[in-house]
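Any read-out appearing in this document is the output of simple, stated calculations on the displayed coordinates, not a laboratory observation. Source: prediction; values computed, not measured. Positions of Cβ are generated from backbone atoms using ideal geometry, with glycine treated the same way; all protein chains shown enter the neighbour counts.
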Amino acid sequence: RTGALPTYQFRLWCTFEASVVAERRLPVFVAGKGPAASQILLKRWGIFFPALPCIPLPKEIRFLAYVNLSTLLLCLLQPVLLAVFFILIQSGTWGALVPHYSLQSAYARNG
């Protein structure tokens with residue numbers, strides 16, 4: 001591939017090697033330092049792996065982790081955000097903050 005990241009060819013070769021090992025059912029032994037914390041969490045949580053402040057993220061999964069963290073925070077903070085939104089609408093402050101969506105603007109559009 002032209003314009004690919006430098007790690008693309010290496011990852012492609014590793015994928016090929018892994019497929020040959022799996023096809024021949026060869027035993028695989030792991031040597032070295034062991035998996036990093038992000039690798040352990042990625043194995044445990046899969047595609048739901050969020051970005052945590054104490055764990056450095058590899059650049060290959062950084063975007064996925066940030067999207068997951070944003071979604072997680074949005075889900076956890078949804079009751080609070082809905083309460084604040086409801087209070088802003090009831091108090092009339094929402095119309096001052098966003099005039100296009102105010103009650104007077106709705107009356108003007110709909111008669």
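If R₀ is 35 angstrom, what is the calculated FRET efficiency for the pair residue 39 and residue 84, using the beta carbon separation as r and rounding to 0.05? Mind dumping the intermediate values first?
Working: r = 38 Å, r/R0 = 1.09.
Once the sixth-power term is evaluated, E becomes 0.35.
Between beta-carbons, use under 14 Å as the cut-off and find the net charge around residue 36, counting Lys and Arg +1, Asp and Glu -1.
Charge balance in the 14 Å sphere: +4.
Using 0.36 nm per residue of separation minus the Cα-Cα distance, give me the extension gain between residue 47 and residue 73 in nm, one decimal. Don't jump to the answer; show the numbers that get you there.
Values: separation 26, 0.36 × 26 = 9.36 nm, distance 1.62 nm.
Answer, rounded to one decimal: 7.7 nm.
Give me D for region 61-100 in µm² s⁻¹, whole number, from Stokes-Einstein with Rh from the Kirkwood sum over alpha-carbon pairs, 4 °C and 1.567 mPa s.
Translational D for this selection: 110 µm²/s.
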